[in-house]
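The values are calculated or read from the model by the stated rules, or taken from the named source; none is laboratory data. From a predicted model like this one, the values you see are computed outputs, not experimental measurements. Neighbour counts run over all protein chains shown; Cβ positions are idealised from the backbone, glycine included.
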Amino acid sequence: MRQIINTGFLLWFIGLTLLVGPVEAQSNQPIGGDSLKKLLLLSKPDTSQIIQLVALSHKYVIKPGESVPDLDTALLLSEQAYKHSRSLGYVRGQGLSYLVAAQANREKGNRHLGMRLNQQAGNLLMKVGTPEDQADTFIEKAAYYSVSSEDLIQQVCLYERAVALLQRSGNKLKLADALMYRGDLYQLQSNNTKALKDLLQALSLYRSTGYDHLQEIYDLLGFVFSKMGDYEEGIKYGLLAMQTVEAARDTVKLAKVYSRLGKTYHELNQPDKALIYYNKSLHSAQTQHRRSTIIALATTISAILDNFTGETVKDLRIEEALAYLKEIIKRRPADKDDIDCRMAIATCYVNYYSKFTHEYAKAQHYCGQLEAMLQTNLGQDYHLYMYRTLIPFYISNKQYEKARLTLNVNEKLCQQAHYTKELAINHLWWFKLDSAEVNYASAIRHYQRYNTLTDSLINETTKQRTALFEVQYETQEKEKKIVGLRQESRLQEMKIQKAESTRNFIITGAIMLSLLLGLSYNRYRLKQRSNRQLQERQEEINLKNTTLQLLLTEKEWLLKEIHHRVKNNLQVVMSLLNSQASYLSDLTALSAIQESQHRVQAMALIHQKLYQSEQVARIAMPAYIQEMVAYLRDSYDLPQPIHFVLDVEPIELDVTQAVPLGLIINEAVTNTLKYAFPDGRSGRVSLSLRQLKQSVHELIIVDDGVGLPAGYNPMNSNSLGMTLMRGFSEQLGGELQVSSNPGLTITLAFGDEHLNPTSTGTNYAY
């Protein structure tokens, strides 16, 4: 949990600063899709793929929402990157895999495992990693510390090392992120001068890179300026933060920005404007049922109740905001470790019931929850905040003994933490308690102490503003010196360049004259030699061209001879099948033999076309389809007239495509002639093959026969013909569709680049 201390004064709620959150790298790229993730998991590993795996894993880690599936995906990708790195001996890849796995485990709540993984990442990357890699390990290590005084020192040290490394890396965006977060840590230590230097430098870096998501840096600058007493600059940057967040439609951050603007206007004694922004903060927080919404809403309510009377805030509809808060709490699952939300809610209700409705019995219930939290080891800043709510309640509810004990403890904590303003407020509470108990002498002493501390705070504010002016003056002086040095450097460079130019001109002229004479003679000799070499090479090229032409002619002749022999062999197979049929009397067997002859003929016809044509690799589909359909029609010799209509565009296909396509046409036309026109019924069969677009073709076969039986799904049929058609369609990489309304329609769309000779199904082979 993060806290922001305003010159010794603990803000109305420590949870508000949680909305600032640890500063993640702000220069995020769009996250990769599932297709990229699968590609990276399946592709052959190399160092480039490992870096992509790590980058994609990091995207899932920083993806908004922190969902468990996203973090599991990040861990899966980091594990894959680690395995590849181990297999390749890529040590940097192992370190980066450890680092992103540490981040994912920390986000999932596995902090101990995350710390171990980050330590392993640091051990490897300190040896082989880039400065940016090493800086990332320090930044990740800092995320495991809280914001207690001792932990803050550790975090600052880690970020100082990270900033030094990033200054060498040249990554301006990541350097700006680190400077912004270090500046935030400085202001948590109340070291506002250092904080302001870091934040202004970070803003300059962001602007130099054209980065426009500046809401975080604007918000922090406005907050630090307000802490240092420069409310004009605080409001300036607060309004810039508001404009940037509104443009980004970030409703949760907008609630925090509105709340801070309200506080700044309240410090300026402008309660009307303060209430306007507090009201906006309330309404902005009522948008999302999330943890940050609870904190923002409860923080704003507590701030209003802590600083204004019930009459002043009657238009803010506090009851409506509380009802919404209760609704969010009911919808969220109970989480005992969610201390920030529970503290925000309890504090909100104690202030509401004690200051707004004066229902002390109800306030006492939530007061008991805060007292129970005090028994746990939460750290002094948690306790200081809860005492800020409990002490006024004890005094107003006449629980004087509890108030006295709590005031003593609170005073010691304020002294230990050097929180001057909180200590002053503690004396003011002592004054109220002593006055209530009619102990006026003690009351006067405490009030005098309160005034003394308040005066010291005014002096401290003056010092802060003086330091601010010094920072601004130093920055301006440095900029002037830089401009002067640049101008002086340019003048010196111009003088040196002029002198060097004169000297170089003389030397260059002499050298060029010598070179020209030498080159002229050399070019003459080279030209003679080149002419002889070109003449020799031309003779060699002519000889090679003649040889290649002879080889090409011989290759084409051999290919045609192969196709001719294949065609003859297939004719022998058909003759064998025909001989076998003469010994058969079974009609089913004869039909099977006949269909096999047709299939063999479909393949033989292709090879016949190849050796008869000038081309040896591609088939002219119009002539091939016309001959094959004529062959099938003559083979069945049906008594009734069957009219065929062919519409085939002048398409040429490779033999590896023409064979499966021809077999599909054979099966479809054979099926039509056998079953579509029973009982002497005449009919019409249309076949078209056309090109839909480049490398994509469509085959359509339509008959007006009897069609398929009702309820029959041909795509589920296990018949040989249908199985062959599906298999050859897969081989072509196409999509086969069969429909019957009326007659039968077979559609196949396929492309040249989708041919897959090894796909699952029936493959053409011979």
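Applying the selection to the stretch 657-682, what residues are of a type outside the set (Lys, Arg) and not in a helix (DSSP H, G or I)?
If we filter the stretch 657-682 for residues that are of a type outside the set (Lys, Arg), which is where we start, we get 657-673, 675-680, 682.
677, 678, 679, 680, 682 - these are the residues of the stretch 657-682 that are of a type outside the set (Lys, Arg) and not in a helix (DSSP H, G or I).
For the stretch 224-244, which residues satisfy the criterion of being under 19 Å from residue 269 (Cβ atoms) and in a helix (DSSP H, G or I)? Give the derivation first.
Our first condition is that a residue be under 19 Å from residue 269 (Cβ atoms); within the stretch 224-244, this holds for 225-236, 238-239.
The answer is 225, 226, 227, 231, 232, 233, 234, 235, 236, 238, 239.
Which residues, taken from the stretch 639-663, are over 22 Å from residue 729 (Cβ atoms) and surrounded by 15 or more Cβ atoms within 10 Å (Cβ to Cβ)? Don't jump to the end; show me each part of the working.
Residues of the stretch 639-663 that are over 22 Å from residue 729 (Cβ atoms), as a first pass: 639-645, 650.
Within the stretch 639-663, 642, 644 qualify.
Report, by residue number, each residue of the stretch 229-280 that is of a type in the set (S, T, N, Q) and over 22 Å from residue 64 (Cβ atoms). Talk me through it step by step, then tell me what you get.
Within the stretch 229-280, the subset of a type in the set (S, T, N, Q) is 243-244, 251, 259, 264, 269-270, 279.
Matches in the stretch 229-280: 264, 269, 270, 279.
Does the stretch 698-707 contain at least one residue that is within 16 Å of residue 732 (Cα to Cα) and either assigned to a helix (DSSP H, G or I) or touching a residue at least 60 places away in the same chain (Cβ under 8 Å) (or both)? Don't jump to the end; show me each part of the working.
Let us first name the residues in the stretch 698-707 that are within 16 Å of residue 732 (Cα to Cα), namely 698-700.
Adding the requirement that they be either assigned to a helix (DSSP H, G or I) or touching a residue at least 60 places away in the same chain (Cβ under 8 Å) (or both) leaves none.
No, because not a single residue in the stretch 698-707 is within 16 Å of residue 732 (Cα to Cα) and either assigned to a helix (DSSP H, G or I) or touching a residue at least 60 places away in the same chain (Cβ under 8 Å) (or both).
Does residue 721 count as part of a loop (DSSP other than H, G, I, E, B) and either within 20 Å of residue 640 (Cα to Cα) or modelled with pLDDT under 90 (or both)? Before you say what the answer is, go through the steps one by one.
On the way: part of a loop (DSSP other than H, G, I, E, B): no; either within 20 Å of residue 640 (Cα to Cα) or modelled with pLDDT under 90 (or both): yes.
When the stated conditions are applied, residue 721 does not pass them.
Does residue 576 qualify as being under 28 Å from residue 656 (Cα atoms), of a type outside the set (S, T, N, Q) and either in the same structural domain as residue 626 (by TED's automatic domain parsing) or modelled with pLDDT of 75 or more (or both)?
Taking the combined requirement at face value, the residue does not satisfy it.
Among the numbered criteria (1) within 59 Å of the chain's Cα centre (by Cα); (2) polar (S, T, N, Q); (3) at pLDDT below 80, which single criterion is violated by residue 626?
Here residue 626 clears every test but (3).
Got a sec? Which of 570, 552, 519, 513 is modelled with pLDDT under 70, surrounded by 10 or more Cβ atoms within 10 Å (Cβ to Cβ) and more than 20 Å from residue 636 (Cα to Cα)? Can you show your working first?
On the way: 570 fails: modelled with pLDDT under 70; 519 fails: modelled with pLDDT under 70; 513 fails: modelled with pLDDT under 70.
Just one listed residue meets the conditions, 552.
Residue-by-condition table, conditions (1) crowded, with 18+ Cβ neighbours inside 10 Å; (2) out of contact with any Ser or Thr (no Cβ under 9 Å at 6 or more places or on another chain); (3) within 23 Å of residue 349 (Cα to Cα):
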{"position": "389", "(1), (2), (3)": "yes, no, yes"}
{"position": "395", "(1), (2), (3)": "yes, yes, yes"}
{"position": "406", "(1), (2), (3)": "yes, yes, yes"}
{"position": "425", "(1), (2), (3)": "yes, yes, yes"}
{"position": "430", "(1), (2), (3)": "yes, no, no"}
{"position": "434", "(1), (2), (3)": "yes, no, no"}
{"position": "439", "(1), (2), (3)": "no, yes, no"}
{"position": "444", "(1), (2), (3)": "no, yes, no"}
